[in-house]
Amino acid sequence: MSNSRIVVTGIGASSPLGGTAPESWSALLDGVSGTRTLEHDWVEQYQLPVTFAAEAKVRPDTVLERPIAKRLDPSSQFALVAAMEAWADAGSPEVEPERLGVDFATGIGGVWTLLDAWDTLREKGPRRVLPMTVPMLMPNAAAGNLSLHFGARAYARTVASACASSTESIVNAVEHIRAGYADVVIAGGTESAIHPITIASFASMQALSKRNDDPATASRPTSIDRDGFVMGEGAGALVLETEEHARARGAKIYAAVVGGGVTADSYHITANDPEGLGAARAVELALKMADAAPGDVTHINAHATSTPVGDPNEYKALKAVFGDRIDDIIVSATKASTGHLLGGTGALEAIFTVLALRDRVAPPTINLTTQDPEVPFRISGTPTPLGDGQQLAISNSFGFGGHNAVVAFASV
C-alpha cells in the first residue's frame with residue numbers, strides 16, 4: 001500500500017442550492033435555504049403529511065442531451081451532470097482507461113424508474129414495461145454510466161450504505177489509488193428519491209420535519225425546536241489523484257484527502273448508537289490514517305440531520321474523541337441549507353469542506369433559533385473565518401444500518 005498523498009483536483013455538484021459546485025457554495029455562504037413547497041399533483045393526490053423538500057435547483061434533464069437523459073433515471077442524470085463538471089474542472093486529465101476508476105454511491109438508486117415501471121405494469125400490462133427498466137433502476141447504474149461516459153476501466157464501484165454512502169466511496173477511492181489500482185478516480189454520490197413513497201415512509205417513521213407552513217426554516221440542526229430532517233436531492237463528484245500525478249500535469253489542487261474511517265454500529269437498523277461509539281471510532285480511524293491528533297482539527301462539517309435524537313448522539317461521539325476541545329472547533333451543519341441528500345449528501349458536504357479549506361471560511365448554519373444545550377457545538381449563522389496556517393477538517397456521514405463514514409481533508 002502506497003503512502004502517496006491524494007488530492008482533489010476537480011469538483012462538481014448539482015444541489016438544492018445550485019446547478020454547479022460554485023453556485024451551490026455561493027448560495028450556502030449567503031445563507032440561502034434550498035427547501036421549498038413541492039409543486040406536484042401527487043402531493044395532494046396522496047394527501048402527504050409533508051408537503052415540502054429540498055429539490056435540486058436545476059433539473060438534470062435540462063442540462064443533458066435529451067437522448068442521454070431518456071436512458072437514465074434521475075439519480076444517474078444527477079451523477080453524470082456532477083461528474084462532467086468535476087472532470088472539466090480537473091482539466092479533463094489524460095489518463096489511460098485502465099488507470100481511471102469510478103467510485104460512485106447511492107442510498108436508494110433508481111426509485112423513480114422502479115415505481116413508474118410498477119405503475120405501467122399495473123395499468124398497461126407487461127408488454128408496456130420499458131426494456132431499459134432494470135439498467136435504469138439498478139443501484140450501480142450511476143457508476144456504470146460514468147464508467148461508460150469517461151471510458152473508465154480500472155474499476156466501477158457502487159457503495160450503498162444509506163446516508164454514509166458517498167463519504168464511504170471517497171474513502172474507498174483513496175484506498176484504491178494508494179493500492180495502485182488507479183491513478184485517477186471519479187468519486188461521489190447521487191440521489192433522486194423525492195417521491196410519494198419515500199416521503200410517506202420517512203414521515204411514517206416520524207423522521208421528517210412537518211413544518212409545512214414554513215419549509216425554508218424546517219431543517220434546523222442543533223436547534224432545540226428541531227423536529228426532523230428535510231429530504232433533498234442531487235449529486236456531488238470529486239476527481240481524486242495522487243499529488244505527484246496532479247503536479248506532473250500542472251493541475252490545480254483544492255485540498256488533500258489525508259484520512260478516512262469506516263465503521264459499523266451493529267446496534268439498530270435505523271437508530272444510531274446512543275453513545276456514538278461507532279461514529280467516534282470512524283473519526284479516530286480517519287485521524288489515524290491522516291497521522292493527525294484531535295488537536296489538529298480546525299473545522300468539522302457535521303452530519304447533523306436536524307433529528308431530535310441524531311444531533312445529540314453525534315455530539316457525544318465527537319466529545320468522546322475531542323474532549324472539551326470540541327466546544328472550540330468551528331462546526332458547520334450544512335443540511336440546514338441543502339436538506340438531506342441521503343446517498344449524495346456525503347459527497348456534497350465533502351465539496352463544501354474542501355471549499356471551506358480553500359477559502360478559509362466555515363459556511364454558516366441557518367435556522368438556528370435557540371441552540372439545544374445537549375448539542376453545544378461552536379456554530380454560527382454567518383460565515384466564520386478559519387484563520388491562517390495549516391487547516392485540517394473532517395466531514396461526517398452516518399446512515400441507516402449503522403454505517404459510519406468520516407473523511408479528513410487538509411489545506412494545501
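Some values worked out for this structure:
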{"read-out": "Residues of segment 385-406 classified as in a strand (DSSP E or B), of a type outside the set (S, T, N, Q) and touching a Ser or Thr at 6+ places or on another chain (Cβ under 9 Å), total", "value": "8"}
{"read-out": "Checking LEU285 against (1) crowded, with 17+ Cβ neighbours inside 10 Å; (2) under 28 Å from SER76 (Cβ atoms); (3) not assigned by TED's automatic domain parsing to the domain that holds VAL50, the condition it does not meet", "value": "(2)"}
{"read-out": "Within segment 33-49, tally of residues that are in a loop (DSSP other than H, G, I, E, B) and over 13 Å from GLY232 (Cβ atoms)", "value": "6"}
{"read-out": "Number of positions in segment 10-24 that are outside any loop (DSSP other than H, G, I, E, B) and surrounded by fewer than 24 Cβ atoms within 10 Å (Cβ to Cβ)", "value": "3"}
{"read-out": "Candidates ALA336, ALA393, ALA362, ALA356 - the one that is within 18 Å of the chain's Cα centre (by Cα) and farther than 24 Å from VAL8 by Cα", "value": "ALA336"}
{"read-out": "Test: residue in segment 147-169 that is of a type in the set (Val, Ile, Thr) and over 17 Å from ALA79 (Cα atoms)", "value": "no"}
{"read-out": "Residue, surrounded by the most Cβ atoms within 10 Å (Cβ to Cβ), within segment 184-209, restricted to residues that are in a helix (DSSP H, G or I) and aliphatic (A, V, I, L, M)", "value": "ILE199"}
{"read-out": "Qualifying residue in segment 211-219 (condition: part of a strand (DSSP E or B) and in contact (Cβ under 8 Å) with a residue 24 or more places away in the chain)", "value": "no"}
{"read-out": "Complete set of residues in segment 301-332 that are closer than 17 Å to THR167 by Cα and either out of contact with any Phe, Trp or Tyr (no Cβ under 8 Å at 6 or more places or on another chain) or small (Gly, Ala, Ser) (or both)", "value": "ALA302, ALA304, SER332"}
{"read-out": "Test: residue in segment 351-360 that is at pLDDT 95 or above, in contact with a Lys or Arg (Cβ under 7 Å, 6 or more places away or on another chain) and surrounded by 20 or more Cβ atoms within 10 Å (Cβ to Cβ)", "value": "no"}
{"read-out": "Filtered residue count, segment 210-225, keeping only those that are surrounded by fewer than 24 Cβ atoms within 10 Å (Cβ to Cβ) and either within 23 Å of ASN140 (Cβ to Cβ) or of a type in the set (Gly, Ala, Ser) (or both)", "value": "2"}
{"read-out": "Selection status of ALA82, in a helix (DSSP H, G or I), crowded, with 23+ Cβ neighbours inside 10 Å and at pLDDT 95 or above", "value": "yes"}
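The values are calculated or read from the model by the stated rules, or taken from the named source; none is laboratory data. Worth saying up front: this structure is predicted, and the values here are computed from it rather than measured. Here Cβ is always computed from backbone atoms with ideal geometry, including for glycine, and neighbour counts include all displayed protein chains.
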